[in-house]
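Here the structure comes first, spelled out in structure tokens, and everything after it is commentary.
The values are calculated or read from the model by the stated rules, or taken from the named source; none is laboratory data. Keep in mind it's a predicted model, so treat the numbers as computed, not measured. When we count neighbours, we look across all protein chains shown, and the Cβ atoms used for this are built from the backbone with ideal geometry, even at glycine. Please note that ligands, DNA and RNA were not included when accessible areas were found on the heavy atoms of the full protein model with its side chains. Shrake-Rupley method; radii C 1.70, N 1.55, O 1.52, S 1.80 Å.
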Amino acid sequence: MFFTTNAISTYQRVGVETGVESADAHKLILMLFEGTQEALAKTRIHMQRNEIAEKGQMISKAITIIDEGLSACLDMKAGGDLAVKLQALYNYMTHRLLVANIQNNIEILDEVNKLLSELYNAWKEIGESNGTKPAIKAITI
């Protein structure tokens, strides 16, 4: 698995307080999903309260984690078709979040959060099925 130092530092920068230094690559990916979902939950609250600046900050945080974290972790050479499809999905998510921000659209937040939840659950299952230290190279993401 290709996991850049930039992805780790990005996640640290957007609010991780503990666990990054001791986590394996699999756990770091889970943490990126969790951080994005947390940012989207906060975005929803700010949208509902019409807190424009705070909403923008949280959507930016979610986009940053997707772009500089999840997307940056993809190994396009080794990952093959799966990596290409995940890259396209991450691009789609960031585009949809930009639209959600402009339109103040909670339904779009829910759509992206659902996609993230499905990926998170799949990634979590992979780890559980392979024990505590999954063979990440075999997944080739």
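Here are the numbers:
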item: Using θ = phi - 60° and Karplus 6.51 cos²θ - 1.76 cosθ + 1.60, couplings along the range 27-39 (whole Hz; Gly, Pro as x); result: 5, 4, 5, 4, 5, 5, 4, 4, x, 5, 5, 5, 4
item: Theoretical FRET efficiency, 1/(1+(r/R0)^6), r = Cβ-Cβ of residue 54 and residue 122, R0 25 Å, to 0.05; result: 0.20
item: Portion, in percent, of the accessible area of the range 20-127 that falls on carbon or sulfur, probe 1.4 Å; result: 53 percent
item: Relative contact order of the range 21-91, pairs being alpha-carbon contacts under 8 Å that are 6 or more residues apart, as %; result: 28 percent
item: Ranking by accessible area, most exposed first, for 95, 46, 26 with a 1.4 Å probe; result: 95, 46, 26
item: Calculated FRET efficiency for the pair residue 75/residue 111, C-beta based, R₀ 35 Å, to 0.05; result: 0.85
